[in-house]
1. Classify segment 154-293 as rounded, prolate or oblate, taking a ≥ b ≥ c as the square roots of the eigenvalues of its Cα gyration tensor: rounded when a/c is under 1.5, otherwise prolate if a/b is larger than b/c and oblate if not.
2. Kirkwood hydrodynamic radius of segment 523-585 from all distinct Cα pairs, in Å?
3. Taking the Cα centre of segment 308-390 as the origin and placing charges on Cβ (Lys, Arg +1; Asp, Glu -1), which of LEU320, ILE379, ALA355 is farthest toward the positive end of the dipole?
4. Working only with C-alpha atoms, what are the Rg and Dmax values of segment 299-390, expressed in angstrom?
5. Once amide H atoms are placed 1.01 Å from N in the peptide plane, what residues at a sequence separation of 5 or more from HIS588, or on another chain, have their amide H within under 5 Å of its amide H?
6. Rank these residues by their accessible area, most exposed first, probe 1.4 Å: ARG458, ARG170, ARG412.
7. Going Cα to Cα from LYS511, which aspartates and glutamates come in below 12 Å? Please leave out same-chain ones fewer than 8 positions away.
8. Skip the ligands, DNA and RNA, and give the accessible area per residue of segment 470-556 with a 1.4 Å probe, whole Å².
Amino acid sequence: MDNQNINPMQPQPAGPAPVPPAPAPAPAPAPAPAPMGATPTMTGTPAAAPTAAPAATPKKKSKIGLIIGIIAGVLILGGIIALIAIFALGGGGEMDDIYATNVYFLKDDNGKYALFNDDGERLTEFQFGYASRFIGGTAVVGDEEDDKRGIINTDGKMTVDFDKYVFISRAGGLYEATDNSSNEYLINGKGKVVYDMNKNRLVTSSDSFAVIADEKGFQILNYQGKKVLSITENLDKNIELSDEEDGYVVITHAGTNYLLNTLSAELTYKFESGDKYEISQVSEDRKSISLQTVTDDYDEDHKYKFVVDGKEQELPNGCLAAASLYDAWYCLKKEDDDDAIYLLSNDFSHTSAKATDALYVDADNYAINKEDSDSYGVIFYKGGAKVSEVNCRRIYSYGPVSSGIYLLRTYRTYSSNSACKDVPYGDYEFYSVEGKKLFGKSFDSADTFSEDGFSYVREDGDDTKYYVINKEGEKVSDGYKYMYSRSADLHKFYYAYNDYKTTDVLSPAGKKIASTSGYSTGGKVYDDKLYIYVGNRDEDYNMSYDIYTVDGNKLFTSDDYPDFTDHYIEATEGDNIKYYTYGGKLIHQRKDD
């Protein structure tokens, strides 16, 4: 079964590249058409050969990356699996908006593409011999033989017809177009000419911006063709571009660093420095940007800047850098030549506990172990102030707690003088942020509460069973001899069984979704809703997979692993590939290649 990669292609950011001084503009030859069905990757032909770019230098590992790596490592070791996801620096934010669309292309048995929307409606016929991904609401398409290229929008309407240009290719979020007279233009998705490229040249481009060399100097345009920055002085100096992060890029030229918001076509921040800076991280709301110097020497320390709402933000004393992960902020400090990660307040005014040693909602609401050998315990802080403590307890797993419920374990010592010598060892207990013990009991086994507000527990005793509880401590599932959790993004669901023949799959709320004789089960989150596939094995050991909503509604069955994409679910039945909406509607099928 081939995997469709027409629409869900991932954006490829432009790497750091020195841009040579602008040469004298001259006409460039028309580009040759790309091979039939190939993805056009041309970003422009320079009018004159540029000076050679220096060899790439291995980049030193970012301290911001260390923050995220250390925190994620703590979460994994602590067992908070529901909070673990692949965290890309700079992830989230509005950059997704230029790729976000409710439409996608599917291919038929003749290799032609049609446009569909998320409701499963077909917006065009299967008439395109080529189709690219959408950027900024438009995409390149080829006619049936892929001899001509045009531009289509998310309504299925051609914004540039096939006969307008002899060739069109992507230039990031813009397009390079060549007419019948070999004249070259840079156009936007609506077909408007942004630049006459017979007299100018495209230096480089990314999905959200392009750099043009013209008679005045360098012009930086965003993906809509709007001018973000114009550099007209010191043109004998190279300009250098950082990696693009969530629609931000740093351009360094003649001792000045420009932080550009290419989505809104704005200069966010400008500062003079003899150092070249790059983006370490962009917060999810895109209001906070961490910058660091680019270093050639692996052992050289970075310098940092932290920009919030277009202004440089001072950090508390001792903080070298700041980064966010999920809903918490962190500060990097240096202690005895070692890196230490502290919780940072949301207003960036103060730090509190070491993130690697705490359970926390944020920098002002957290719990830490106290190191009193006579009464090992946990101290609770709320609103930045100590509110209570409990003895003979230890934190079960460190890290962020979205539920506001902490999980501790009882701690027993064997010294005759210790206050903890008679405490049961290793019982699980839940506590509120204020340090109040919840549910009036301890458990022989327990899991941390998930983002959905549920956990599973087992009480002490020989014949006790596992069951799921809600945040009030109420039992919401049947009891099972064995139970463990699986994660999909920030959601958890459960496997539970009393023997090894059949396994029940439970929703995050403990509702039985299905029973399975197989072992291949997983989940996918789409539009913040959890979907679960359940593998079953017949008497001939053939596997099939049932796809369910979190409410237990069965959508369909697939002979092979289902492929969950950004718009549809791909399944197989015999020799056919089938495409379903997330509501379970069959929208298209074709023969497997």
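1. Numbers: a/c = 3.03, a/b = 1.57, b/c = 1.94.
It comes out oblate by the Cα gyration axes.
2. Working: mean 1/r = 0.0840 Å⁻¹.
After inverting the pairwise mean of 1/r, the radius is 11.9 Å.
3. ILE379
4. Considering segment 299-390 through its Cα atoms, Rg and Dmax are 14.8, 51 Å.
5. It is TYR579, by chain and number.
6. Numbers: ARG458 60, ARG170 25, ARG412 85 Å².
Largest accessible area first, the residues go ARG412, ARG458, ARG170.
7. The qualifying aspartates and glutamates are ASP478, ASP551.
8. Computed with neighbouring chains in place, this is 51 Å² per residue.
The values are calculated or read from the model by the stated rules, or taken from the named source; none is laboratory data. Because the structure is predicted, anything quoted here is derived from the model rather than measured. All Cβ positions, glycine included, derive from the backbone under ideal geometry; neighbour counts span all protein chains shown. The protein model used for the area step is the full one, side chains on, heavy atoms only, and it has no ligands, DNA or RNA in it. Shrake-Rupley method; radii C 1.70, N 1.55, O 1.52, S 1.80 Å.
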